[in-house]
Amino acid sequence: MSVPFVIHVIIFKYIPIWGWILAFQNYWPGKSFFKQAWVGFANFKWLFNDPVFYQVLRNTLAMSIIQLVFGIISSIVLALIINEVRLVVFKKTAQTISYLPHFISWVVAANLVRDALSTDGGIVNELLMKVNIIKEPIMFLGIPQLFWWIIGASHVWKEVGWGAIIYLAAIAAVDPNLYEAATIDGAGRLRRIWHVTIPSIQPIIVILLVMNMGYLLSSGFEQQYLLQNGRVIDYARVFTIYELDYGIKMMRYSFATAVGIFRSVVSLFLVFAANYLAKRMGQERLL
Amino acid sequence: MKKSRKRRAKEDLILDFVVYTILIFLVIVTLYPFLNTLAVSFNDALDSAKGGIHLWPRKFTLYNYRSLLTRSQIFHAALVSVLRTVLSTLFCTFSTAMVAYTLSRKEFVLRKLFSFIYILTMYIDGGLIPNYFLIRNLGLTNNFWVYVLPGLVTAFNLIVIRTYIIGLPESLIESARVDGAGEFTIFTRIILPLCKPVLATIALFIAVANWNSWFDTFLYNSSNPKLSTLQYELMKVLQSANTMTGSLEQALAQAATGTTNTITPRAIRATMTVIVTVPIAVVYPFLQRYFVHGLTLGGIKE
């Protein structure tokens, strides 16, 4: 029964990997496969000698790390806060609203971000001007140095609520006896959070952090692509944008394939390293 | 003793205050962009350009919606979006469940091998170009089925459903077999009904992912306007933001000349954003428990 589907997955997932040999050729569209010129590792040499490649690597790592660190911290803080709410209705409503943005597309989110940051009537500029921090509206999306942080902030805006769910589940699993004992020992709410809740969910924090390290080279592509513009492109260019602009648009198909291989192989290595680390810490996950 | 209790009560109050303030702030920050866009979409375009629209339209108009929804381009894109979402959800959920069932049968000899073939795909990826060439060689460029076929069975969904099936009591399947039911009958009559909760969650995730997707349209179907999707149309409007360069903006501006109505890129973007977001926003409150259910399901992969 499942055989046709296995053939399906082999076609759609494994044949592209066979396509990796493109990277060792100087592929020219229209020629048959056997007539393509073989160039060995020339495409990879090109890649490692391209200054843009290092820029792409820097951007990808920077944005991944910003997203990872702020994403995790904000989600933990939100989970701790939601856990302290005693009004059930308010708790449920706030939670439901908090993970709504997770389900909208990046196209929509990018539109909202652009509007919020716009120079004519964007809410951020308006508020900053009202409290007299700035006099003239700032074109936030045109400042290269700000781009990483805008990506980080919009990532947090979109995912903070969704990310908090897993920590809330971990908090719910904490043994109530611990809290009771802490109360008897004279701990207030803050101290209970600090001495009971946080240490209890610490293992899950570490594991999620380690597991996410496997995805450091895949900081996403949609949000960068949708929010970038000519002025900030040197800070916005991530791997997929690089493949699109320097590979497909310039018809350097073999070169773009080489970029893809580099990313895939390093990612694979990172994922296995992360899994290994997680296992060493006594957690069985996935592989 | 008394003093410390007083201090405790004060600490409680401060903490409550901080907690509620932060949460209210979060709710506002989350909802404001949506409500603002909604207000702009219902406001007269030229009036919006003056700024100062926040949560409520100042000069109410339906012109933005009328001019967008009557364009066959948008209408057609909406149709394609709905169609791909519905078909993908049906086909993907059913196929994934079917494979998950076979891979859950202990007597199936190739179970380990097939599982491995699927799980490996979570970690390796051919990359942009080889995928593109594959799709092109299969004749799936400028083809509606590129929206449905490539992602028919994905490893993550497969593992989630398989884990669920393994958790079902084995005796149910055995007794059906004793009664003479074939594998396919067991699958459709017993497994599928029992898996309803997990299938609902997976179906929702597939539906949302399909509704939100634009990159496949961009890569494979961008030269055929008949296969465009709503997200892709919105993306094009976003890319040409602040200039009247996109074909849609020009067409709309032309349609508006000579009338008292005008439309601006900002108004187009806001209106498109609302059109694209509404389906998700409408089903979301009713289905959100299934969504959250899905996340906890993902946690028991092992």
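The values are calculated or read from the model by the stated rules, or taken from the named source; none is laboratory data. Values in this document were obtained by computation on a predicted structure and should not be read as measured data. Cβ atoms come from the backbone with ideal geometry, glycine included; neighbour counts cover every protein chain shown.
Residue-by-condition table, conditions (1) surrounded by fewer than 16 Cβ atoms within 10 Å (Cβ to Cβ); (2) of a type outside the set (Val, Ile, Thr); (3) outside any helix (DSSP H, G or I); (4) more than 14 Å from chain A (Cβ to nearest Cβ):
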{"position": "B:171", "(1), (2), (3), (4)": "yes, yes, no, yes"}
{"position": "B:176", "(1), (2), (3), (4)": "no, yes, no, yes"}
{"position": "B:184", "(1), (2), (3), (4)": "yes, yes, no, no"}
{"position": "B:202", "(1), (2), (3), (4)": "no, no, no, yes"}
{"position": "B:207", "(1), (2), (3), (4)": "no, yes, no, no"}
{"position": "B:210", "(1), (2), (3), (4)": "no, yes, no, no"}
Out of A:21, A:17, A:7, which single residue is among the aliphatic types (A, V, I, L, M), within 28 Å of the chain's Cα centre (by Cα) and part of a helix (DSSP H, G or I)? A:17
Here the residues within segment B:93-119 that are touching a residue at least 24 places away in the same chain (Cβ under 8 Å) and among the aliphatic types (A, V, I, L, M) are B:97, B:98, B:99, B:100, B:103, B:119
Could you grab me the full set of residues in segment A:72-90 that are in contact (Cβ under 8 Å) with a residue 40 or more places away in the chain and under 15 Å from residue A:161 (Cα atoms)? A:72, A:74, A:75, A:76, A:78, A:79, A:80, A:82, A:83
Read through the list (1) at pLDDT below 90; (2) surrounded by fewer than 20 Cβ atoms within 10 Å (Cβ to Cβ); (3) in a helix (DSSP H, G or I), then give the number of the only condition that residue B:108 fails. (3)
Condition check: modelled with pLDDT of 90 or more and out of contact with any Cys (no Cβ under 7 Å at 6 or more places or on another chain). Does residue A:205 satisfy that? no
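Condition check ((1) outside any loop (DSSP other than H, G, I, E, B); (2) touching a Gly at 6+ places or on another chain (Cβ under 9 Å); (3) within 13 Å of another protein chain (Cβ to nearest Cβ)) across all residues:
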position	(1), (2), (3)
A:207	yes, no, yes
A:210	yes, no, no
A:217	no, no, yes
A:220	no, no, yes
Looking at (1) touching a residue at least 40 places away in the same chain (Cβ under 8 Å); (2) more than 8 Å from every other protein chain (Cβ to nearest Cβ), find the lone condition where residue A:233 falls short. (1)
Enumeration of residues in segment A:115-162 that are touching a Pro at 6+ places or on another chain (Cβ under 9 Å) and in contact (Cβ under 8 Å) with a residue 24 or more places away in the chain: A:157, A:158, A:159, A:160, A:161, A:162
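Residue-wise test of (1) within 13 Å of chain B (Cβ to nearest Cβ); (2) surrounded by fewer than 14 Cβ atoms within 10 Å (Cβ to Cβ); (3) closer than 28 Å to residue A:211 by Cα.
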site: A:134; (1), (2), (3): no, yes, no
site: A:142; (1), (2), (3): yes, no, no
site: A:159; (1), (2), (3): yes, no, yes
site: A:166; (1), (2), (3): yes, no, yes
Having 2 or more residues that are at pLDDT 90 or above, hydroxyl-bearing (Ser, Thr, Tyr) and closer than 18 Å to residue B:234 by Cβ is the bar; report the helices (runs of 4 or more DSSP H) wholly within segment B:1-90 that clear it. B:2-41
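Of the residues A:224, A:202, which single one is part of a helix (DSSP H, G or I) and in contact (Cβ under 8 Å) with a residue 40 or more places away in the chain? Spell out the reasoning first.
On the way: A:202 fails: in contact (Cβ under 8 Å) with a residue 40 or more places away in the chain.
It is A:224.
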